[in-house]
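The values are calculated or read from the model by the stated rules, or taken from the named source; none is laboratory data. Note that this is a predicted model, so its numbers are computed, not measured. No Cβ is skipped: glycine too gets one built from the backbone with ideal geometry, and neighbour counts run over all protein chains shown.
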Amino acid sequence: VLQATAQPDRWQQRISYQINADLNVTTNIVKGKQQMIYWNNSPDTLHRLFIHLYWNAFQPNSSMDVRSRELGKIEIGRNRQNQPVLDWDGRVRDRISKLTPEQIGYQKVSNLTVNGKAATLIEHETILEVVLATPLLPKSKSNIQLNFEAQVPIQIRRSGRDNAEGIRYSMSQWYPKLVEYDYQGWNANPYIAREFYGVWGDYDVKLTLDKTYLVAATGTLQNPLQTGFGYQPEGAKLTLPAGDKLTWHFTAQNVHDFVWAADPTYKLIKRTPKGGGPLIYVVYKAVDSLENRWQKMADTVALAYPYIAKTFGPYPHKNYSFIQGGDGGMEYPMATLIKNASIGTAIHEWMHSWYQMMLGTNESLFSWMDEGFTSYAESRTLGWLRNAPKESWLEDDYGVYYRLQRSGLEEPLSTHADHFNTNYAYSAGSYGKGAVFLAQLGYIIGEAQLDTVLLAYYNTWRFKHPNVNDFVRVAEKISGMELDWYKEYWVNSI
Ligand SMILES: [Zn+2]
């Protein structure tokens, strides 16, 4: 155990964002000024940088659009009415191809300087290439400044305005985000709908918009007495600023992304887990008929926390927000956007705070360590909440895997997330087979050993971007067994 918890010495880049953004709720345009202090902790001299411009995906004929329409030509089975089931994401389909200029998304960067010097910008749709006038030396610190202007797309996938539930703004992937550079080099994957990876760092974000909107976000609100809306301590006296707009100031430490959402009909409720834990915010569109569900969801996640902390390790931040928004459930640091008050979705997305926000595997390369481990943790937590017999907890995950096996569409888990032949093989593999990876490991090394492995993995690798080998090595050291064969059979082949 001592060996397994020795801290690895893998270098990591580091970043500190300062963003000032203004959202016009009539034109749906965001204008921002952004500073990034960037520590190149690598042994390499960097001649270029790359920046994600995710919202450029929401334009007709983008890679995301073309890919979705191609997947719409693949039949992956038949439904009960014997109609073909197509492989495209039902939320995306061919909707991007039909967007009007007012409905598309875009992100434009201007006035970019690195240490005061202008750089050459080359836009590759969702990736901005920045050719530096002066390279960044190993072990150096740089100051990157830029302005950006973005149009919030109509909600197609994850981000956008005016989603199906009528939430005005689901603001994920909304700012120019630096691409992660790690021991495998740059990870400048175009945005085609899938996975994320980012540089750990600190965020200091000021958001200014119409004062009738409640804002929920990653991080901790720094000026609750000026915003109100229930963020202030009970009974505190508010000093609301004059004017039509309000500035919300959030800070977050040791995270690799920042999400926010805003709506004038949002309501905020709070919970604190018994025995301690993060302050939990639940923010949802106030609709009387759904009120009880959101209250129940808030109670349930608070109830689950002690089990989660004991089994998977404690949550490290002050607060966490479940925010109604987006188009299903999507994880972000210290917050999630969820479509409705589903307890399963809420637990799943919160567990991503472990398997992605803390144990930030490169999701493009190891989507199953993110979605699979999260699904496993979700199933265990839900089983515990329901007081169900232990042997039944992973039943659904096994079911997903068995169906994948029988479908003939299975691909190795080691496939790059963007390069599976079908959406189906990606999701059944990453979620179902990924969860079964841990369940079967428990069978091999013993359940008690697996529990020790999960905590040792958390303690050894959180905030360090572990890969599959790092996880397997922890399991080998704890169990004393050689497990490379298991990785070969389960991950690298079908
Ligand atoms: Zn997930």
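The table that follows gives values for the structure above.
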{"item": "Residue match in the range 7-16 (condition: of a type outside the set (D, E, K, R), part of a strand (DSSP E or B) and modelled with pLDDT of 95 or more)", "result": "yes"}
{"item": "In the range 175-195, residue nearest to GLN34 (Cα to Cα) [restricted to those that are part of a strand (DSSP E or B) and charged (D, E, K, R)]", "result": "LYS177"}
{"item": "Filtered residue count, the range 111-144, keeping only those that are touching a Pro at 6+ places or on another chain (Cβ under 9 Å) and in a strand (DSSP E or B)", "result": "4"}
{"item": "Selected residue (criterion: farthest from the ligand (Cβ to nearest atom)) from residues of the range 287-316 that are of a type in the set (Gly, Ala, Ser) and either without any contact (Cβ under 8 Å) to a residue 40 or more places away in the chain or assigned to a helix (DSSP H, G or I) (or both)", "result": "SER289"}
{"item": "Single match in HIS256, HIS249 (criterion: buried (at least 18 other Cβ atoms within 10 Å of the Cβ) and closer than 23 Å to LEU454 by Cα)", "result": "HIS256"}
{"item": "Residue within the range 367-384 that is farther than 21 Å from TYR191 by Cα, away from the ligand (no atom under 16 Å from the Cβ) and at pLDDT 95 or above present", "result": "yes"}
{"item": "Hits in the range 17-27 - residues which are over 17 Å from GLN107 (Cβ atoms) and in a strand (DSSP E or B)", "result": "GLN18"}
{"item": "Subset of the range 60-74 [at negative phi, free of Cβ contacts under 8 Å to residues at least 40 places away in the same chain and surrounded by fewer than 21 Cβ atoms within 10 Å (Cβ to Cβ)]", "result": "VAL66, ARG69, GLU70, GLY72, LYS73"}
{"item": "Filter result for LEU99 (under 30 Å from LEU209 (Cα atoms) and not small (Gly, Ala, Ser))", "result": "yes"}
{"item": "Residue within the range 456-471 that is under 18 Å from TYR376 (Cβ atoms), of a type outside the set (A, V, I, L, M, F, W, C) and free of Cβ contacts under 8 Å to residues at least 24 places away in the same chain present", "result": "no"}
{"item": "Odd one out for TYR175, checked against (1) in contact with a Ser or Thr (Cβ under 8 Å, 6 or more places away or on another chain); (2) closer than 14 Å to TYR332 by Cβ; (3) modelled with pLDDT of 95 or more", "result": "(1)"}
{"item": "Filtered residues of the range 480-494 (kept if part of a helix (DSSP H, G or I) and either in contact (Cβ under 8 Å) with a residue 12 or more places away in the chain or not acidic (Asp, Glu) (or both))", "result": "ASP484, TRP485, TYR486, LYS487, TYR489, TRP490"}
{"item": "Test result for ALA252, under 22 Å from PHE373 (Cα atoms) and away from the ligand (no atom under 16 Å from the Cβ)", "result": "no"}
{"item": "Count of the range 326-366 residues which are of a type in the set (D, E, K, R) and more than 11 Å from the ligand (Cβ to nearest atom)", "result": "2"}
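One line per residue, one yes/no per condition, for (1) within 23 Å of the chain's Cα centre (by Cα); (2) under 21 Å from THR361 (Cβ atoms):
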site: ARG157; (1), (2): yes, no
site: ALA164; (1), (2): yes, no
site: TYR175; (1), (2): yes, no
site: GLU180; (1), (2): yes, yes
site: TYR191; (1), (2): yes, yes
site: LYS211; (1), (2): no, no
